[in-house]
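J.: One structure follows; several queries about it will come next.
Quick note: the coordinates plus some simple rules give every number you see, no bench work behind them. The model shown is predicted, which means the values in this text are computed figures rather than measured ones. Cβ: placed from backbone, ideal geometry, glycine included. Neighbour counts: every protein chain shown.
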Amino acid sequence: MASLPVLVLNSGSSSIKFSVYEAGNGERTKLVEGAVDGIGTDLGKFWIKDANGKKLVDETPALPNRSVAFKLVSDALHSGTFPTPLAIGHRMVSGGPTVQDNQRITPELIDEMESYTAFAPLHTPIAVYIMREALSQFPGTPNFVILDTYFHRTMPEVAKHMPIPSEYAAMGVRRYGAHGISYESIVYQLEPKVPEKLIVAHLGNGASISAILHGQCLDTSMGLTPTGGIISGTRTGDIDPGVLIFILRKFVDAGMTAKEAADQLEIVASKKAGLLGVSELSNDMRDLRDAINAGNAKARLAVDKFNWTLVKWIGSFVAELGGLDMLVFTGGIGENDIAARGEICAALGALGIIVDPAKNNIRGEATISADHSPVTVRVIPPAEDLIIVNHVVRLLSE
Ligand code: AMP
């Protein structure tokens, strides 16, 4: 096919990111990228950049809801300024137990994925909304769902299974993992020399870590939902279930109905906890670093807790992998927070992870391990859109 513009749509709880790639004749050239951010606020952001980083659109519109936000994206893509997409790839965090393969989207498939909203409560509602809008606003254009859980499908049963009564396992309750497209993109970028024993730490506002053996996922920190695993910006990560029962009982004692109590518990565990909950200040690592520099003890505790859980998970994944060849940091914190990388690795020297402080003093792609370090430590930005485009092109040809 001569020209094949592919649109990638990637929605978060308050943002819609998009990019258009030229993917004809084996090409993978990014033509434009953009985002609407701050959905639900009076002062949102809407920008579009060309391939050279030149801003084509830079506005601060009111974004009262996702409908207004997606209309901005759709209008821009229909304006004739950019190539009309011939295929669309949607990032999806979880399609539940029955939608595990990347595939063409139909209205029935959207309904099916929506029925598993509880498996990614912050992400699924906006993702399915955008899928329905894209089907109606780009009629005849094939739309595909590309799942974060796809990369984690290779986990052995012992890693996937949760220690719960089997009636819940039969409902699909198990470890699915998240950030799979990011992990896939790191393995892709390491090809053809993917280290046998690899750990990737995706440290963004949502944070997770995966153990990867021979290029395939062996284990990952996030569980049924992205709330599990290591501590994130606003999420607890793994926590004694007794804590959740304790809080739930407090809500019930205060007179809430069962549904109100469950909804409130979800807000506590996924929007009010994590770095924000411990610091009582912010979920943003940059704010916490500023506060630490100003002597804020709670911010210090939050960041220490973050590093501590990472050290625990990395240690246990080294044990699962039977050693380690390479550790990769990615995501906003992984790429930019020099101190976090240094602090985490300083605690892991006994496992052969030795970072050179001079090499670590960098933002973006780099090898930061010391020359004598038995384990190579790298920083690699994810290339999620590229992976989505690759899947779309493959599925188009099937
Ligand atoms: P992401 O979700 O991948 O966009 O990552 C967002 C996280 O990266 C936030 O916690 C940011 O504070 C963090 N981050 C971005 N830039 C920096 C920086 N220069 N130093 C420390 N953290 C950063």
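J.: Over the residues of the chain, compute the C-alpha Rg and express it relative to 2.2 N^0.38 Å.
T.: The reported ratio for this selection is 0.99.
J.: In addition: Only counting other Cβ atoms within 10 Å, I'd like LYS271, LYS54 sorted with the fewest neighbours first. Present the calculation step by step, with values, prior to reporting the outcome.
T.: Working: LYS271 18, LYS54 8.
Ranked by crowding around the Cβ, least crowded first: LYS54, LYS271.
J.: Running Debye on the range 68-211 with equal point scatterers at the Cα sites and no solvent, what base-10 log of I(q)/I(0) appears at q = 0.12, 0.13, 0.17 Å⁻¹?
T.: -0.60, -0.69, -1.06
J.: When N counts the residues of the range 320-396, how does its alpha-carbon radius of gyration compare numerically with 2.2 N^0.38 Å, as a ratio?
T.: 1.29
J.: About its Cα centre, how strong a charge dipole does the range 1-86 have in debye, to the nearest 20, once Lys and Arg get +1 and Asp and Glu get -1 at the Cβ?
T.: Value, rounded to 20: 100 debye.
J.: Let me ask another. Take the Cα pairs of the range 1-133, get the Kirkwood Rh, then feed it into Stokes-Einstein at 20 °C and 1.002 mPa s and tell me D in µm²/s.
T.: Rounded to a whole number, D works out at 137 µm²/s.
J.: Let me ask something additional. Tell me the GluC sites (Glu not before Pro) within the range 263-349 that lie in a loop according to DSSP and have at most 12 other beta-carbon atoms within 10 Å.
T.: Passing both the DSSP loop test and the Cβ count: GLU280.
J.: Once the Cβ-Cβ distance between HIS214 and ALA169 is put in as r, and R0 is 25 Å, what FRET efficiency do you end up with, to the nearest 0.05? Please report the intermediate quantities before stating the final value.
T.: On the way: r = 27 Å, r/R0 = 1.09.
With a Förster radius of 25 Å, E is 0.35.
J.: A further question follows. What's the local net charge at ALA23, with K and R +1, D and E -1, over the other residues with C-beta under 14 Å away? Don't skip to the end; give the middle numbers.
T.: Values: positive: ARG28, LYS30, ARG394; negative: GLU22, GLU27, ASP385.
After counting each charged neighbour, the total is 0.
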